[in-house]
1. Averaged per residue, what accessible surface does region 3-46 expose to a 1.4 Å probe, in Å²?
2. Please identify every one of the trypsin sites (Lys or Arg not before Pro) in region 83-115 that sits in a loop by DSSP and has no more than 11 other beta carbons within 10 Å of its own beta carbon.
3. At 1.002 mPa s and 20 °C, plugging the Kirkwood radius over alpha-carbon pairs of region 34-96 into Stokes-Einstein gives what diffusion coefficient in µm²/s?
4. Accessible area of region 1-117 with a 1.4 Å probe: how many percent of it is carbon plus sulfur?
5. Once all Cα-Cα distances of the chain are split into 10 Å bins that start at 0, what whole-number percent is in each one?
6. Which one, L57, L20, L81, has the greatest fluctuation when you compute a Gaussian network model over the chain with C-alpha springs under 10 angstrom?
7. Suppose the chain between D62 and M103 were pulled fully straight at 0.36 nm per residue; how much longer would it get relative to their current alpha carbon spacing?
Amino acid sequence: QVQLVESGGGLVQAGDSLRLSCVASGRTSSIYDMGWFRQAPGKERDLVAVISWSGTLTYYPDAVKGRFTISRDNDRNMMFLQMNSLKPEDTAIYYCAASRDTMARKIEDYNYWGQGTQVTVSS
């Protein structure tokens, strides 16, 4: 099993930046892709960013491309999401997720989930 714990959420104003962190513990050797998802009230959980085990491959949907940057530090079993130019529509609970597969793009590709951290962006 793998345990994931997010941190770094909070209340910010539009245009501000925020950095989320996720620390993994347990059988981390089984992890390949890692990702961030978010879920706003009344909406589905959406993919925000994905990073490969080596960190050389990343993927972002258009909604966050150019504003968000995903990274990971395998030596510390950590993953990060740098969020710049935040908008009110970025308000959501952000979840860290880990997959035993590569090319993980869908919710069902992920095997482990954190509890989430709230990000609120005021206008």
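1. About 55 Å² of surface per residue is accessible.
2. Details: sites: R100, R105, K106; in loops: R100, R105, K106.
Listed in order of number, the matching sites are K106.
3. On the way: Rh = 12.2 Å.
D = 176 µm²/s.
4. On the way: 2890 of 6190 Å².
C and S fraction of accessible area: 47 percent.
5. 14, 51, 29, 5, 0
6. For the chain, modelled as a Gaussian network with Cα springs under 10 Å, the answer is L57.
7. Details: separation 41, 0.36 × 41 = 14.76 nm, distance 1.75 nm.
This chain segment gains 13.0 nm when fully extended.
The values are calculated or read from the model by the stated rules, or taken from the named source; none is laboratory data. Everything numeric here is computed off the predicted structure, so don't read it as measured data. With ideal geometry, Cβ positions are generated from the backbone for all residues, glycine too; neighbour counts draw on all protein chains shown. All accessible areas refer to the heavy atoms of the entire protein, side chains included, with ligands and DNA or RNA removed. Shrake-Rupley method; radii C 1.70, N 1.55, O 1.52, S 1.80 Å.
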